[in-house]
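Quick note: the coordinates plus some simple rules give every number you see, no bench work behind them. The structure presented is a predicted model; accordingly, all values stated were derived computationally and were not measured. Here Cβ is always computed from backbone atoms with ideal geometry, including for glycine, and neighbour counts include all displayed protein chains.
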Amino acid sequence: DSTCIPVIHNKRFYSMKVFKDIATKGKSTMGWYIGFKLHLLCNEKGEIINFNLTKANVDDRNENVMNALTDKVFGKLYADKGYISQTLFGRLWDKGVHIVTGLRSNMKQKLMPLYDKIMLRKRSVIESVNDMLKNVAQIVHTRHRSLHNFIMNILAAMGAYCFFSTKPHVNFDYEIPPSDGQLVIWQ
């Protein structure tokens, strides 16, 4: 999944000096913002596997972003509907990664294994990780005085998250074996 990292309020866009040629304008579900986008990859235990920081106007399905995120990953990757793309599916399949997404409302229904359907419902783990990074680790604020300060704040928040005693995770009451015995990863 990806989450927005605004660095300045929209009203102050024209007086921005710190991120003048670096931050871009992007749109999230909450509206327009100026800043960056943090792409996260986590496992079922809520542990961050990989992350990538891009400009705000970069698409989630961008080839460079997906290659960086899934560099040493194999198995099943559970993603939201924003990652639906046949070319992305083909590229990841060739690397040994099976991406599983829900279907959009205008798409034809397909059969899906029960395990995949259950695991797609557990995608809330990555949303909870994003929420903890923003609200507990305070990864987002608009008072940066330099680019180095911004990068250090993000790395410190990610490091602090790794040491949290409670992380969102999938509670397996009973074991449902994956269809092909592969590692489970959310995006």
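Key figures
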| item | result |
| --- | --- |
| Ranking of GLU44, GLU63 by count of other Cβ atoms within 10 Å, fewest first | GLU63, GLU44 |
| Length released on extending from MET158 to ASP71, taking residue separation times 0.36 nm less the Cα-Cα span | 29.4 nm |
| Label-point gap, in nm, between HIS141 and THR87 - each point 7 angstrom along Cα→Cβ | 4.1 nm |
| Table column - 3J(HN,Hα) (Hz), region 124-130, Karplus curve with 6.51, -1.76, 1.60, x for Gly and Pro | 5, 4, 5, 5, 5, 5, 4 |
| In Hz, Karplus ³J(HN,Hα) per residue of region 111-119 (6.51, -1.76, 1.60; θ = phi - 60°; x = Gly, Pro) | 6, 9, x, 4, 4, 5, 5, 5, 5 |
| Under the Karplus curve 6.51 cos²θ - 1.76 cosθ + 1.60, θ = phi - 60°, whole-Hz ³J(HN,Hα) for region 40-49, x wherever Gly or Pro sits | 10, 10, 9, 9, 6, 8, x, 8, 6, 8 |
| Under-5 Å amide H pairs with ALA23, H placed in peptide plane, nonlocal only | none |
